[in-house]
Amino acid sequence: MTKPTITFRELAALWLADKEHYVKRATHAVYALQLEKHLLPTFGEAREIDEDAVQAFVLTKINAGLSPKTVKDLVVVLKMVRGYGAKHHDWAATTIQIRYPTAHTDTRPDVLTRNHQCRIMRFVREHFTFRNLGILICLSTGIRIGELCALKWSDVDPTEKVVRIRRTLQRIYIIDPDGSRHTELIEGMPKTKSSIRDIPLSNELCRLFKPLHRIVCPDFYVLTNDSKPTEPRIYRTYYNSLIDQLDIPRLKFHGLRHSFATRCIESGCDYKTVSVLLGHANISTTLDLYVHPNLDQKRCCIDRMSRSLSDRPR
């Protein structure tokens with residue numbers, strides 16, 4: 001069989017140009033970065049890519065320290081480009097099935113201990129600033145850092161006791177048609193349709209918001225109380241410095257979201273409600289991340305099952 005006349009690099013450029021019409025700018029930017037950083041250095045000049053080559057790529061990337069999730073995302077992009085090539089050019093439409101090393105690590109997310117969470121919340125109450133308020137909002141609502149940075153006072157309704165998530169803020173990597181590169185801060189729709197949501201405010205947040213709501217400008221961003229937002233990487237740096245100041249073990253900012261979800265589960269909230277609060281597209285994401293029964297819960301389950309059998313009439 002004759003090899004295609006178009007290289008993977010050329011094919012990827014055509015696929016990216018086509019995708020630009022159908023996906024969000026942020027998604028398009030992620031595809032471009034994945035291609036430039038990982039896929040093109042390996043496959044750029046190839047005119048065919050077989051299963052063995054992709055399997056070797058996967059193992060190389062995982063051995064280099066990339067997470068299986070990241071590598072799987074790269075393979076998804078690779079398959080989409082190949083599929084585009086099979087449909088519109090002369091690339092072979094062969095199926096690729098990849099095996100991934102079995103993960104033996106604990107996949108449960110890192111969360112704050114109750115003691116550390118209480119220490120952070122106490123500090124925020126005693127040292128009020130708009131930036132500190134953002135940390136309390138995350139611990140009380142579970143919103144993502146991009147959603148927090150895009151939050152405006154008009155999104156907060158202390159009367160209805162809800163915060164409305166309608167936007168997200170992120171810096172994306174842009175590759176211009178002439179090959180030059182730059183980054184751009186954009187405000188767009190949240191991650192998924194499920195991420196557009198209303199989250200009830202705790203009584204504590206309502207008490208904080210009510211007097212502020214009477215004096216702030218609705219169009220100002222909550223974190224800055226200004227017409228200009230702070231971007232996620234800047235706020236993440238501030239959060240890290242605060243954690244260090246409080247002598248709390250370093251936890252990624254996303255750990256605040258994990259901590260919120262974990263506290264909800266520990267409090268007996270039903271899983272579907274927690275999933276909706278987090279804006280997960282599928283409840284299975286919530287179950288996989290946060291539902292890990294401890295030994296006492298397992299023992300209780302076994303005891304309950306045993307009693308149900310012994311109580312049956314003979």
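Each reported figure results from applying straightforward, stated rules to the coordinates on display, with no laboratory input. Predicted model only: the values in this text are computed from it and were never measured. Cβ sites come from the backbone with ideal geometry, for glycine too, and all protein chains shown count toward neighbours.
Quick notes
- Cα lying deepest toward the dipole's positive end in region 114-250, options Gly146, Leu169, Gly134, charges on Cβ: Gly134
- Within straight-line reach of Lys193, meaning a Cα separation under 15 Å, sit the following aspartates and glutamates at least 8 residues removed in sequence or on another chain: Glu147.
- No disulfide-compatible partner, judged by a Cβ distance under 4.7 Å, exists for the following cysteines of the chain: Cys118, Cys138, Cys149, Cys206, Cys217, Cys300, Cys301.
- Computed over the chain: relative contact order in percent, which uses C-alpha pairs under 8 Å that are six or more apart: 17 percent
- Candidates Arg108, Arg99, Arg125: whichever shows maximal mean-square fluctuation once the chain is modelled as a Gaussian network with Cα springs under 10 Å: Arg99
- The mean sequence separation of alpha-carbon pairs under 8 Å and at least six residues apart, normalised by the residue count of region 101-212, gives a relative contact order of 21 percent.
- Region 186-192 - phi-based ³J(HN,Hα) in whole Hz, Karplus 6.51/-1.76/1.60, Gly and Pro as x: 10, 10, x, 5, x, 3, 9
- Placing +1 on the Cβ of every Lys and Arg and -1 on the Cβ of every Asp and Glu, with nothing else charged, gives the chain a dipole about its Cα centre of roughly 1020 debye.
- Calculated [θ] (222 nm, deg cm²/dmol) that DSSP helices of n ≥ 4 give over the chain, each run adding -39,500 (n - 2.57): -15500 deg cm²/dmol
- The alpha carbon radius of gyration of the chain, expressed as a multiple of 2.2 N^0.38 Å, is 1.22.
- Over the C-alpha trace of region 65-151, radius of gyration and Dmax come out as 22.0, 66 angstrom.
- Relative to the longest principal axis of the Cα atoms of the chain, the long axis of helix 130-141 makes an angle of roughly 90 degrees.
- Among Ser195, Ser241, Ser267, residue whose mean-square fluctuation peaks in a GNM of the chain (springs only between Cα atoms under 10 Å): Ser267
- For the listed residue pairs Lys161/Lys228; Lys24/Lys61; Lys228/Lys272; Lys3/Lys191; Lys24/Lys69, the alpha carbons are over 32 angstrom apart in Lys228/Lys272; Lys3/Lys191.
- Taking the chain as a Gaussian network of alpha-carbon nodes connected by springs under 10 Å, the highest mean-square fluctuation of the residues Ile234, Ile243, Ile135 belongs to Ile234.
- Options Met305, Phe220, Val77, ranked by Cα towards positive dipole end of the chain, top entry (Cβ charges): Met305
- Rg/Rh for region 1-138 (Cα atoms only, Rh after Kirkwood) is 1.18.
- Helix 254-266 vs. the chain, principal-axis angle (Cα, 0 to 90°, nearest 10): 60 degrees
- For the chain, the longest principal axis of the C-alpha atoms and the axis of helix 114-126 are separated by about 70°.
- Normalising the average separation of contacting C-alpha pairs (under 8 angstrom, six or more residues apart) by the number of residues puts the relative contact order of region 176-314 at 23 percent.
- Computed P(r) (all Cα pairs; region 114-250; 10 Å bins; percent): 11, 40, 33, 12, 4, 0
- In region 8-88 the Cα-Cα distances spread across 5 Å bins starting at 0 as 3, 14, 28, 27, 17, 9, 2, 0 percent of all pairs.
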